[in-house]
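Taking it in order: structure first as structure tokens, then the write-up.
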Amino acid sequence: MIRLITLIGLALAFALPGPAQAERVRDLGAFQGVRSNQLTGYGIVVGLNGTGDDSLEYVTQAMRGVSGRVGVQLPAGVNPALKNAAAVMITADLPPFAKPGQRIDVTVSAIGKAKSLRGGALIMAPLYGADGQIYAMAQGNLAVGGLGISGADGSKLTVNVPTVGRIADGASVERAVATGFDAGDVLRWNLFQADFLTAARVRDAVNARYPGAASIEDGVTLALRLPAEANARASMMAGIEMIEVTPAETPARVVVNSRTGTVVINSAVRLSPAAISHGKLTLRVDESPTVVQPAPFSRGVTAVQEDSMLSAEEEGGQRVALFRPGASLAKVVDALNLLGVSPSDLVAILEALKQAGALKAEMVVI
């Protein structure tokens with residue numbers, strides 16, 4: 001465990017703050033409205049080899065609806081599911097500027113008791129946007145990476161997830177989404193993470209190339225004055241995206257994963273003067289029960305005699321780590337490695353430093 005923490009410390013030491021690296025504007029944010037949109041739909045997968053839903057009512061209703069669209073009226077009381085069909089939810093992402101007739105990928109997921117969608121085909125189903133409008137139509141044969149089998153004695157074997165499939169180019173776009181690209185004289189650009197200093201640097205870099213084109217609205221948004229003509233506007237947007245900007249240093253933050261014990265400390269973390277003493281107390285309980293036999297021809301019974309031994313041991317030679325003002329990440333890691341702390345102990349030490357006011361960082365527990 002100590003060797004593992006030492007390796008982590010060496011890896012983090014190489015990540016110490018050095019000269020800030022310039023990033024492209026396109027890696028720091030995106031133009032408002034130029035984004036993908038989520039689509040969802042409900043449909044039926046048919047052609048399954050007995051691995052579909054078991055006579056679910058909504059599957060029956062959906063099958064009647066599908067049959068009715070092609071002019072086939074199923075007799076009353078007939079269950080068309082018969083485990084060869086499954087009710088599914090369909091999801092897809094509609095890319096920005098997608099035009100009618102273009103194809104997009106769809107993901108199909110079972111919502112009932114279907115065991116597998118392998119070998120099934122999705123019947124034509126509409127995909128809706130958040131506004132309730134139809135933006136695409138999905139249909140096609142599923143590609144399923146999972147596999148599920150069962151035996152007559154009830155034994156089962158499942159590999160991956162057989163109830164989720166994908167159809168490449170499985171939906172055709174029927175309606176375009178307005179992006180606001182060609183509307184108005186101002187187009188807004190948003191940072192992925194709010195930061196006033198980074199926003200100011202992006203503004204200055206854009207104005208250095210296109211004087212007077214950018215102004216800050218808040219810690220996330222820049223207003224860009226672009227030409228009205230689409231060709232010139234697209235060229236200017238492409239030029240802005242490739243401008244290199246040095247982003248501001250990220251805020252000091254310590255992230256703790258409470259489930260795995262992983263601790264991540266970014267390079268901005270600093271410590272005020274502090275001293276840490278870390279020791280380990282080991283408690284041990286040894287049970288050595290013995291069987292006691294009665295004397296011959298006595299009326300006694302066999303019994304178990306408990307024999308417990310308790311011991312406590314505290315490791316000697318404790319070291320005290322002293323942090324000077326403004327200690328950096330390298331000093332923190334070196335000191336904690338010197339103390340030989342485990343990941344769980346590291347969390348306790350960081351929390352204690354935070355409570356003592358010596359850790360100048362945000363503690364985030366996920």
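For M363, the shell of other residues with beta-carbons less than 15 Å away shows a net charge of +2, using +1 for Lys and Arg and -1 for Asp and Glu. Placing dummy labels 7 Å off each Cα toward the beta-carbon, the span from T250 to E217 is 2.7 nm. Exposure proxy for K115, K354: other Cβ atoms within 10 Å of each Cβ, ordered fewest to most, give K354, K115.
Around L117, what is the net charge, scoring Lys/Arg as +1 and Asp/Glu as -1 over all other residues with Cβ under 13 Å from its Cβ? Display every interim value, and only then the final one.
Numbers: positive: K83, K113, K115, R118, R166; negative: D53.
Net charge in that neighbourhood comes out at +4.
The HN-Hα couplings worked out from phi for region 112-119 by the Karplus form 6.51 cos²θ - 1.76 cosθ + 1.60 (θ = phi - 60°) are x, 9, 4, 7, 7, 9, 4, x Hz, whole numbers, x standing for Gly and Pro. Phi angles across region 240-253 convert, under the Karplus curve 6.51 cos²θ - 1.76 cosθ + 1.60 with θ = phi - 60°, into 3J(HN,Hα) values of 5, 4, 8, 5, 9, 9, 8, x, 5, 5, 5, x, 4, 8 Hz, Gly and Pro given as x. Annotation: amide H-H contacts under 5 Å for G52 (H modelled 1.01 Å from N, sequence separation of 5 or more, or interchain): N84, A85, K115.
Every number here is computed from the coordinates shown, using simple stated rules; none is lab data. As the structure is a prediction and not an experimental result, all values here were calculated from the model. Please note: Cβ atoms are built from the backbone with ideal geometry, for glycine as well, and neighbour counts cover all protein chains shown.
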